[in-house]
Structure formats: structure tokens, C-alpha cells
Amino acid sequence: MTMQRIKPHLPWITLLVLTAVVGVVDPNFLRPANLLSLAGDIVPLFIMALGLTFAIYIGGIDLSVQSMANMITVIASIYLASLGAWVAVLCIAAGFGLGMLSGFLTTRLFVPSFISTLAVGGVCFSVAQWLSGNRALNMDAEQRNATFGWMIGHTGIVPNELFLAAALLALCLFIERRTVLGRVLKAVGAGEPAAKASGINVGRYKMLAFAISGALAAIAGLLFSVKLSGGAPTIANGFLLPAIVAVLVGGTPLTGGVGGVLNTLIGTLIVAVIRASMLYLGIEATQQQMLFGLVLIAAIALTIDRSKLRTVK
Amino acid sequence: MKLTRENVIRWAPALVLLGLVVLFAAINPAFLSQRNLARIALASTPAMMVALGVTFIIVMGSIDLSMEGVVSLCAVLFCLLFLRLGGSLGAGAWLAIPAILLCGAFFGWLTGMVHVRLQIPSFMASLAMGFVGTGAAVLVTGGDIVRIEDDVFRALLTWRILGFPLMVYIAAALVLLAWFIQNHTTLGRNFYAVGGGEELAHASGVNVRRVRLAGFALAGVFYAIAAIFQVARLGQAESVTGANLMFVAITSVVVGGVALWGGIGGVLNAVVGVLIVNVIGNGMVVIGLPNYLQDGLLGVLVIIAVVLSTDRRLVSFAK
Amino acid sequence: MYQLSSVDKKFPGVHALKAIDFHIKRGEIVGLVGENGAGKSTLMKVIYGAYQPDGGQILIDGKPVHFANPRQAMKRGIGMVFQEQSLIPNLTVMENIFLGYEAQFTRLGVVNWKAMAAAARKQLAKVKLDIDPATVTSALSFAQRQLVELAKVLTLEERVEGDLVILLDEPTSVLSEDEVKLLFKLVRELTSRASFIFVSHRMDEVMELSDRIYVMKDGQVMDVVARAEADASAIQHKMVGRHVDREYYREQRQKPYDRSRKLFEMRDVVLPGRPHKLNLTLHPGEVLCLVGTEGSGREAILRTIYGMLAPLSGHFEMKGEALRGFNPRRSVAMGVGYVPRERKIEGIVAGMNVYENMTLSQLGRYSKAGVIDVGREKALARDWISKLSIKAHSEFADCGNLSGGNQQKVVLSKWRSGGSDIMLLDHPTRGLDIGAKEDVYDMIRDMSDDGTGIVLVADTLEEAIGLSHTIVVLKDGEIRQRFDCQPGAKPSLYDLLHHMI
């Protein structure tokens, strides 16, 4: 019973403990400037994880987010010149539409989401390769600064990305807590049969969850390409694992129904602190994958609601 | 034979394969040249091994997404061990082969343990273990490429019989072995029992956990074989040796007609599936289409295959 | 030779078996009857080793035994032929017969299919089934599968020294009349090698086949009847008979309903899989009770009204409007509320709080442009919590943590607060304790008073009789009889049973 009570609080306790440990080892870590730049760097990942939260919240998964972001970096780099700021609309619409497609495959054709999103990810990868001719692309620096410079500048010492992240978090929190969509998604995650028996058109809302996941992955890709001033079909590889880890470590279990976007904020910060601490230990980003894999397993094992799984397949 | 849903599902993959071959051959007769067929066969072998492994798991109704990591790790370890043992197949380095098969089995078993013991759905358990495998491969190599230049070992690629490399024949023999395991051993049949009705199998006294663990270990062995073939084909290993194998293998197995829900299809379906996928990849190049369309096309194919094989009367919702 | 001596089994809140004494002799066929919830299935699970008794003893040939799982029971010759199809459909017949016991045919893990096929043929011959053992099970008819299951259990004969006890759980439910006759003939012949425990809800079959019949009620054995003295109506009375209190079912609160208006009307409606035409009408304030055995078609009617099932033909009018499309969304919009039997799965969403559950079916009414007015939701929940005296610490209480009765109140208030005036209640008192049941009865009367029409599938016959204005008796999907149930002029149990069986 005590474990049951502690469980919801584990994520932020973990975050505090980790931060304190790293702070003791290296007092520089806790300097506001350092923390802020750290937070700014993680924003694309956070936005992606924010979207992914919706897919996991209903008990599904979206494995296409990384390919989606890859594709969007390519699209953004190519069409910035001709569309200007409108390219953002194109990117978000593409993400929303392809997410909707995953949702359609899952809810209407009963393709499990891990397969449908994997397949849609394959489509994204093809599109990215096709559009880019399989090359790395660069944005025109001046035009980038003119159109999207506001995204990556600083206000005082605060990176502007953080404002973007805060705005999106507020929007998602509003959707989750205050809208019919959020309420239905919670019901679907916690008990889909009861939601159906209440006469709700469950499928439509589930499709929207995947669409939101796609749209936010697209925003993450857009921000990423603006930061790097370019795009390539594999440039965002390495995002999928930490994004899933962020959602699950934050306390939204794979079985859905509990947790939410605030949890993902905490989860992303945990990922950021782990990453930073690894840097102090001299472990490079590419080598962190193994650790994150293990963290992922631990996080799932701790959060998953086994009473919802009749048989574990 | 009646045109029932069952029959369509059973024969559709083979017909699709035939249709594709005819189509590509009609557009460009060079498609059927021996050199091109050998190219297809060679390109198929590592994916074929991975597909065989994951077939057993899908038949059980689970899924394994760890192959990229396992293949990379096994390939890297194989190369390092091979070099440590003398660098020549004749000079004791052959020991690396059984060692790496054991290594694959162990990693697969570990994935199985995470899945069965911690009761984590297999797609997530294996995805995470795949990341661990890739991460371990990076850790072991430090991001470098490891080369093997032993002529005896490379004979797998260079020694050709009737135009086909030696490894194609070995792969064919392994397909037969997998088929034998599936149809003639208790373990193979228990995969079907678990996939067809896990609770019923348990009630009949089948040790479902042990069957699951054995399935993942067996898959690991096939991934290790795939790693060896991959090294033989490329002459080197690095942390991305296994890249893209997950998508290709899962697509192949599902397109070949193995139902994701478990219990239906088997090794022969996987073989047909791998051939479909590789014929498409090769054929697109032969008829002059850019090969990067492949992933998108495979994505579409896999959806069609899953939709066709789903009995919608039995499924109330998918997550 | 097999005996249970004052066996007890308790679950949290339920005393499922109370000091059961049971014995079966060599070669005997024993029938086991009782209503749903009488304890039959618990007793069977104790016998075949799935449950361990909390008290009392299991004796074989006078010696106490203990089974930790079904496999251990099988080793002592006790086998179960399951009600639901327990064969794995994608395996062959012989694989199913020897599932879990393949070792006898394998060497180094490799199966000798010829040996297994020969052994399987021997088993199939016992049940007189002439099919190729290599046939895939899904290709068999239901009757054939039932026989294969029997053959599978009969492998015990070779594996076990000593006597066999075989449980048959509703083996006839998927069989035609001729197939039932064949099965019975076979079972009688097999008594030379095994004893049988036969469980069925078809009284005529139990009486025909069994040497003795155990009658269960409320976790107790009410009587043991020998075949010679068996009388259907006497047994049925023992199965269902309890002291019926008119107060208990709030009969004094039953008022005449408004016959001039119709909430819905079914005319000559034919449902999938059933050839019979159904005619039903529900009036405001009426409690219409559907009575019949499991599988008699009660659920199908409820599901049709709720829109989950579309009729094949006929005319279905709801509130004066002829229905064409059938789906729950539409039914809910027309004022239909559904209290499902599986309260914890379809009734409430565990993990959501009281107000979230209450508004789940009427989110449109509590939101504007997709944005929810949480303040109004909470007010609604507080209102109904006090109206129905729901025991929850506040409107923020997780419904998964409420007691069964309070969960049911939440489900009921979900519909009532939304203004539903056609309520479908499927076993609304299942699993509730007596106080909670009485609350539900009160709520049913309240709803009637408000002019709500109720279609009820009751947990027991007395409940049906006590609560309803009208009873419709169903058998095999056909409406057999209608009863008017005015207080003081209610039909008796026997009147109903007469048409049910």
C-alpha cells in the first residue's frame, strides 16, 4: 500500500535527488545560466515527448515520431525559401495528417499502433529521402533568422525555446484537463469498454490523439532544423529512445490512463539531468543509449499497470 | 479450392511474389539474369535469418524489435573475437562462431526474461533491449569499424557455386533447419500452442514461460547467424551493422502471411516474405526507380498485410 | 471412491461453498444443478484442482489428497471437459489431445508424428469419432470438438492407475438434439471405465442422464435426489426457493404504469442467428423483465435496444421514430441508458473520479466548443452523491475504489442525470450485498415513479417477479409467455419455470 502511495511521487523525487547529486559533484551545474541552457537544449525532445504522451496516455505508442521529425527537417529546409513563415503551417499540417493516418489505421483497421506507426514512419523516411535526394540540406541563414530567429534567440538569459515549450505545455495541459478530448482520452486509457458503453465515439478521439502526437513531433522537427539551420533524413535519429524514456520515467505508464503532460515535463528534465551528468563523467551522447535502454526497462517495470494486461504478449 | 478468406491469406503472398517477378521481368528482362538473381539471394540472406528468428516469436503472439541491436552487437563482438583468436578461420578463429551463437542466445534469453519476468509487453521489452544492444556495440567499438580480411571466412561470400555465393546455400540449409524445428519438435509446436491460446496451453500443462524464453533465445541464435552473414558480406562490423533490419524483417514476416496475432503462418511464409521485400527492392533499381521509395512502399504493404490477416469479428479494439 | 467432506471455500466477501458433502461411486453419473451463483462452478474448480478448499477434505478411496493445480488432479484421474471450447484452434487434433504430454512421443525434442497419430486414433475410437488426427481443429464442427475434448480427457485412462472422475460442464450447449443423444449414449458406455459429474442448466437432460442429482443453492447442497424420485418441479423449487418478502422488493411502491404512451415498440423484429419474430413494447413507468436461462436471448434484446446489435428485419420504433441505423451513440442520444452486467469493465472507469464518470455519457452537455465546465460537473456530482447517498469521500474519489453498490449508484446517476428515460439494467444487483441490493430496488421504483421505462434482466427469478410490471419469458430466442405482474397477483416461480425449461 505504501508503494502505491509513493508511486505517483517517484518522478519528481527522482528528479530532485538526481539534481542534488549532480549538484554536489559539480556545483557549477546548479548555476542558473547552466540550468537554463541545459533546459533550452532539451526543448525539441520535450516537444516530441509531449506529443508522444498523448499516444501513450490512451495505451498506444507512436514509433513514428523520430522519422516524422526527420522528414520535417527536410521539408522545412526545402520550403523555407519559397513559403517563408508559412512553412510552419505546412510542417504542422503534415505531422497532423500523418498522425491522423496512424490513428485511422489503428482505430478503424485494428492495426496495433506499434505496427501502424512503424509503417507510417517508413513512409516518412521515404518521403524525406525522396525530397532531399538523400543529402543533408542547409537553410539560408539570413532567411532563417528573419523568419524563425525568434525561436532560438535569448530574452535576457532565458533561451526563447523555453517560452515556446511553456506555451505548448500550457496548451497540452489545457487539452488534457479542460476539454472533452482530454477527458475522453483519459477514459479510453483507463477503461475503453466503459467509454464505449457510454455512447462515446471513441475512435474519433483516439485518432486525434495520434494526430496531436504527429503535429508535436513536426513542431519538434521544425525547431530542430531551425536550430541546426538545415535538415537531413536521419538528422533526428536518436530522439525516439529518450522521448519514450521521458514519457515513461515521468510516470505515464505504457498501459495509459494516468500521468499526463506534466509528468512528461518532469520525465524530460530527468533525461536532461542524466545526460548532463554523463557528460561530466566523460560519456558521450552516442554511448548513453545503453544506459537509457536500461532506464527505460526499469521505468516500464515500475509504472506499468499489470491488472490491465490479461496476458502479457 | 474455394475462394475463402483463409485461402486468400494462405496463397496471396506466393501469388504476389510471382506477380512481382513477372512484372519486373517484363519491364526489364535483365531482372531474371543469373547475376541479378544471385544479387537478390545474397542481399536476402541476413534479413532471412533475422526473419526466421522473429517468425517463431510472432507465431507465439509476441513481437521482437531488438534485432538491430542484437545483430550489431553480435557482429561487432564476432569481429573482435575473430581477430583475438588469430584472425583466420583455419587458425582457431572458428571458435568465434559457436561463441557468438551462444552470445546471441544469451541476449535473446535476456530479452525474454525482461518480457516474462518483469511482465513488460514484448514490443517494449525488446525495443528497449535493442537500444541496449546498439548502445553496447557503440561502447565496445568506441564508434570504430572493425574489419575482417580472412580469405577463408570471406569464402562465404566469394566462393560461388552455380553463381550463388556459399552463404546462400548455408542460409537455405538453415531455412530447412528452422522448418524442421517448427514442424517436428515439441518446442516448435508449443510456439503454436502458445500463439493459438496461451491460457488453454497453460491449462493443459504447457510451461508457457519456458516456451517464451526458449523462443526468444532461439531468435537470438538466428540474429547471431545474421550478424555473421552480415560480416561475411561486408567484411566489417560497426555499431550500425544491424541498421534497418528491424523494419525489413518485421515487414517480411508479416507480408509473408504470418499473423501478428500469433498461431498462424510459419517459416515458409517468412521465406516468401523476405523474397517479396528483396525482389521489390532490387526490382525498383532494375527498372530504374529510386530505391528510397522502398521504405514507404514496405510500410504500405505491411499495413495491407495486417489488415488482410485480421479477423475483424474477433477484435474489438486495437491499442 | 471420490469424496468431498464438509468442504468450505471463501472469497473476500463471499462464502462460496459451505460445508459441502459430496461423493461419487465407481461408474456413476452424478448431476449437479443450481442457479447462477449457487456455487456450482466453484465446486467444480475445487474438484479439478483449480481452487484449493479452505476447510474440509478431499478423499480418494478414503485417503485425503491435496491438489495444488489441475495437473496434479489429472495425475489422480480427475479430468475436466470445459464448457467453453478449450481446444487450441490452430493445432491439429492429435496435438490438442496430447498437449502438455508430448514427451511420450519425442526423442531429443523431435516428435514422432506417426506414433502420436496412432495413439490419437486410439483415443478417438473411444469416443467413436472417425477423423484424421492430423486435421486442424478449427476445421471441425462444434460437436466433433466436444468429442475431441472428451477424448483428450480420456487419455487419463492410460496415464493413471485407478479410477477416473470426469467433469462435463454444460457439454450440450452447442449440440443439436441428435448430437446430444449420441453424447449421452457414449457417456453411458464409458461408465465402465469412468465416473461422470454432469453439469447442465437443462433440467430434462440432467434428469435423463444422471443416477443421482445434487441440488445446490447459496453455496450449499440443498438435496440429493435419486433418479427414481426425481421430479423436475420439486428440484426447481429447491434450486430457487427462498423466503420471498414483499417488502424486500418494494412491491408496495409498485404503481400502475402509463399504458397510453410507448417508449419503444418492436414489431416482428428478427435478430441474427434466431429465426423467431419478437414483439415487445415498453411504456413509461413500466418495469419489463426478460426472463430465461443463460443463452435464451435476453442479452441480444438488450443489446439491440442499446444499438450494439442490428436486427435483420422487422420494425423498431423508438419514441415514435422508426429506427434504421443502430449504434450506441444514437441510442444514448435518444435517451437510452445501459447498466451493464460487467460493472467494472463497461460500467465505471476505474481511475476516473465520480464526476468524470457521471458526465462521461453527456460530455456534450457539460462543455462548450469542446471545453468542459468542470464547476458544473462537480456540482452535478455533489448533487447526486447526496441524492443517492453515495458513499464517497467527495466527488474526487476514484470510482475504482468505491464498493460495488456505490459504483452501481454512480452508473445509475450517470444515466439518470442525463435524463435517460429508457433504462436497460443487465443484472444490476450482481455481486452486491443485501443492503446495496435494496438501494438498487429503491432506485428502480424511483425511476418508475419518474416515468422512466425499465428493461430488466434480473439476477434471480424472485427479483424478476418482485420488481416487474410485466414479465416476458424467453426460450431459445423465442418469446414463450407474457405475465402481468400486478402486486398481489404475481405469477409464481413455477409459472415461470414451466415456460423456461
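The values are calculated or read from the model by the stated rules, or taken from the named source; none is laboratory data. From a predicted model like this one, the values you see are computed outputs, not experimental measurements. Reconstructed Cβ throughout: ideal geometry from the backbone, glycine too, with neighbour counts over all protein chains shown. In case anyone asks, the SASA skips ligands and DNA or RNA and just uses the protein heavy atoms, side chains included. Shrake-Rupley method; radii C 1.70, N 1.55, O 1.52, S 1.80 Å.
Relative to one another, the C-alpha centroids of segment B:75-137 and segment A:244-282 are positioned 28 Å apart. The P(r) of segment C:301-452 has a tail past 23 Å containing 37 percent of all C-alpha pairs. Considering segment C:267-320 at the alpha-carbon level, its Rg and Dmax are found to be 11.2, 32 Å. The modelled label-to-label distance for the pair C:Ala369/B:Arg210, using points 7 Å beyond Cα in the direction of Cβ, is 6.5 nm.
The C:Glu294 and B:Ala243 beta-carbon pair, evaluated with R₀ = 56 Å, returns a calculated FRET efficiency of approximately 0.50.
What does the C-alpha gyration tensor say about the overall shape of segment C:348-430? Classify as rounded when a/c is under 1.5, otherwise prolate if a/b is larger than b/c, or oblate. Can you show the working numbers first?
Working: a/c = 1.77, a/b = 1.27, b/c = 1.39.
Oblate.
Rounded to the nearest whole angstrom, the semi-axes of the ellipsoid equivalent to segment A:123-208, taken from the Cα gyration tensor as √(5λ), stand at 38, 23, 8, largest first.
Shape of chain C from its Cα gyration tensor (a ≥ b ≥ c, root eigenvalues): rounded if a/c is under 1.5, otherwise prolate when a/b > b/c, or oblate? Verdict is prolate for chain C.
In debye to the nearest 20, how big a dipole does the protein assembly as shown give about its Cα centre with +1 on each Lys and Arg Cβ and -1 on each Asp and Glu Cβ?
About 560 debye.
I want to make sure I understand the PRE zone here: with the label point 7 angstrom from the Cα of C:Lys10 toward its beta carbon, which residues in segment C:54-68 have backbone N atoms less than 18 Å away? Zone members listed by number: C:54-57. Relative to one another, the C-alpha centroids of segment C:102-129 and segment A:84-119 are positioned 51 Å apart. Note down the net charge around C:Tyr494, summing +1 for each Lys or Arg and -1 for each Asp or Glu among other residues with Cβ under 13 Å from its Cβ. Its environment carries a net charge of -1.
For chain B, the membrane-span-like helices by this rule, meaning whole DSSP H stretches whose C-alpha atoms cover at least 24 Å of axis and whose Kyte-Doolittle mean is -1.0 or above, are B:5-27, B:34-59, B:67-84, B:96-117, B:122-141, B:166-184, B:208-234, B:267-286; this says nothing about an actual membrane. Where only DSSP H runs of four or more residues are counted, the protein assembly as shown gives -17500 deg cm²/dmol as its mean residue ellipticity at 222 nm, each run worth -39500 (n - 2.57). Applying D = kT/(6 pi eta Rh) to segment B:160-319, where Rh is the Kirkwood radius over alpha-carbon pairs, T corresponds to 4 °C and eta to 1.567 mPa s, the Stokes-Einstein value obtained is 73 µm²/s. In the context of the full protein assembly, C:Phe396 retains an accessible surface of approximately 110 Å², using a probe radius of 1.4 Å and ignoring ligands and nucleic acids. Take the Kirkwood radius over Cα pairs of the protein assembly as shown, plug it into Stokes-Einstein at 10 °C and 1.306 mPa s, and you get 48 µm²/s for translational diffusion. The simple spin-label model puts a point 7 Å past each Cα toward its Cβ; for C:Arg253 and C:Ala115 those points are separated by 7.0 nm. Remark: accessible surface ordering of C:Arg193, A:Arg5 (largest first) is A:Arg5, C:Arg193, probe radius 1.4 Å. If you take every DSSP beta bridge whose two residues both sit in the protein assembly as shown, what share of them, in percent to the nearest 5, is antiparallel? Taking every DSSP beta bridge within the protein assembly as shown, about 60 percent pair in antiparallel fashion. Helix C:142-154 and the long axis of chain C differ in direction by around 50°, with both axes built from C-alpha atoms. When the residues B:Met48, B:Met67 are ordered by accessible surface, computed with a 1.4 Å probe over the protein chains alone, the sequence from largest down reads B:Met48, B:Met67. Compared with the dominant principal axis of the Cα atoms in chain C, helix C:177-190 is inclined by about 40°.
At a 1.4 Å probe, what is the % contribution of carbon and sulfur to the accessible area of chain A? Please list the in-between numbers first.
Numbers: 8020 of 11810 Å².
About 68 percent, which is the carbon plus sulfur part of the accessible surface.
Between the listed residues C:Val225, C:Ile213, C:Gln85, the Cα displaced farthest toward the positive end of the dipole of segment C:2-240, a dipole computed from Cβ unit charges relative to the Cα centre, is found at C:Gln85.
Could you give the DSSP H helices of chain A that reach 20 angstrom or more along their long axis (alpha carbon positions) and whose average Kyte-Doolittle hydropathy is no lower than 1.6? Numbers along the way, then the final one.
Details: long enough: A:10-25 (22 Å, 2.39); A:43-57 (21 Å, 2.11); A:65-83 (25 Å, 1.44); A:86-107 (31 Å, 1.76); A:113-132 (28 Å, 1.36); A:160-178 (27 Å, 1.22); A:202-228 (39 Å, 1.42); A:261-280 (29 Å, 1.74); A:289-303 (21 Å, 2.26).
Long hydrophobic helices here: A:10-25, A:43-57, A:86-107, A:261-280, A:289-303.
Taking only protein heavy atoms and a 1.4 Å probe, the accessible area of chain C is 49% carbon and sulfur. If only the Cβ of Lys and Arg carry +1 and only the Cβ of Asp and Glu carry -1, the dipole of segment C:1-130 around its Cα centre is close to 400 debye.
Using the Cβ-Cβ distance between B:Asn291 and B:Ile27 with R0 = 22 Å, the FRET efficiency computed as 1/(1 + (r/R0)^6) comes to roughly 0.90.
Largest first, what is the accessible-area ranking of C:His498, C:His393, C:His315 with a 1.4 Å probe?
Working: C:His498 115, C:His393 160, C:His315 60 Å².
My answer, sorted largest first, is C:His393, C:His498, C:His315.
The C-A contact accounts for roughly 1800 square angstrom of buried accessible surface, both chains included, probe 1.4 angstrom.
Remark on segment C:97-203: hydrodynamic radius 14.9 angstrom, per the Kirkwood mean of 1/r across alpha carbon pairs. Taken per residue, the accessible surface of the protein assembly as shown reaches 40 Å², heavy atoms only and a 1.4 Å probe. Each of C:Ile58, C:Leu432, C:Val111 was scored by the projection of its Cα onto the charge dipole of chain C, and the greatest displacement toward the positive side belongs to C:Val111; charges sit on the C-beta of Lys, Arg, Asp and Glu.
With q set to 0.12, 0.18 Å⁻¹, the log10 of I(q)/I(0) for segment C:2-240, from the Debye formula over equal scatterers at the Cα positions, is -0.69, -1.40.
Kirkwood's formula applied to the C-alpha pairs of segment B:126-184 gives a hydrodynamic radius of 14.7 angstrom. Under Stokes-Einstein, with the Kirkwood radius over Cα pairs as Rh, the value for chain B at 25 °C and 0.890 mPa s is 122 µm²/s.
Tally Lys/Arg at +1 and Asp/Glu at -1 over every other residue whose Cβ is under 11 Å from the Cβ of A:Pro159; what's the total?
Values: positive: A:Lys227; negative: A:Asp41, A:Glu161.
The answer is -1.
Simple spin-label estimate for A:Val25 and B:Ile161 gives 5.6 nm between the two label positions (7 Å along the Cα-to-Cβ direction from each Cα). The local environment of B:Ala128, defined by Cβ-Cβ distances under 13 Å, has a net charge of -2 under the rule Lys, Arg +1 and Asp, Glu -1.
Measuring r between the beta carbons of C:Phe396 and A:Ala33 and using R0 = 56 Å, the FRET efficiency lands at 0.85. Here the peptides B:86-92, A:35-41 are ranked by packing, the mean other Cβ count within 10 Å, and the order with the highest first is A:35-41, B:86-92.
For chain C, what proportion of DSSP beta bridges, expressed in % and rounded to the nearest 5, is antiparallel? Spell out each step's value before the answer.
Values: 44 of 79 bridges.
About 55 percent, rounded to the nearest 5.
Applying the criteria of a DSSP loop state and at most 15 other Cβ atoms within 10 Å to the GluC sites (Glu not before Pro) of segment C:36-120 yields C:Glu84. With an 8 Å cut-off on Cα pairs and a minimum separation of 6 or more residues, tell me the relative contact order of segment A:167-250 in percent. So the answer I get is 14 percent. Name the lysines eligible as straight-distance cross-link partners of C:Lys387: C-alpha to C-alpha under 16 Å, and not fewer than 8 places from it in the same chain. Within the straight-line cut-off, C:Lys387 pairs with C:Lys378, C:Lys409, C:Lys414.
Cα-Cα over 20 Å: which of C:Lys344/C:Lys475; C:Lys9/C:Lys40; C:Lys45/C:Lys181; C:Lys40/C:Lys126; C:Lys18/C:Lys217; C:Lys25/C:Lys63? Table pairs above 20 Å Cα-Cα are C:Lys344/C:Lys475; C:Lys45/C:Lys181; C:Lys40/C:Lys126. Compared with the dominant principal axis of the Cα atoms in chain C, helix C:404-417 is inclined by about 40°. Taken across both chains, chains B and A shield about 4400 Å² of accessible surface from a 1.4 Å probe.
Can you classify chain A as rounded, prolate or oblate using the Cα gyration tensor, where a ≥ b ≥ c are the square roots of its eigenvalues, rounded means a/c under 1.5, and otherwise it's prolate if a/b beats b/c and oblate if not? Display every interim value, and only then the final one.
Numbers: a/c = 1.70, a/b = 1.10, b/c = 1.55.
In terms of gyration-tensor shape, oblate.
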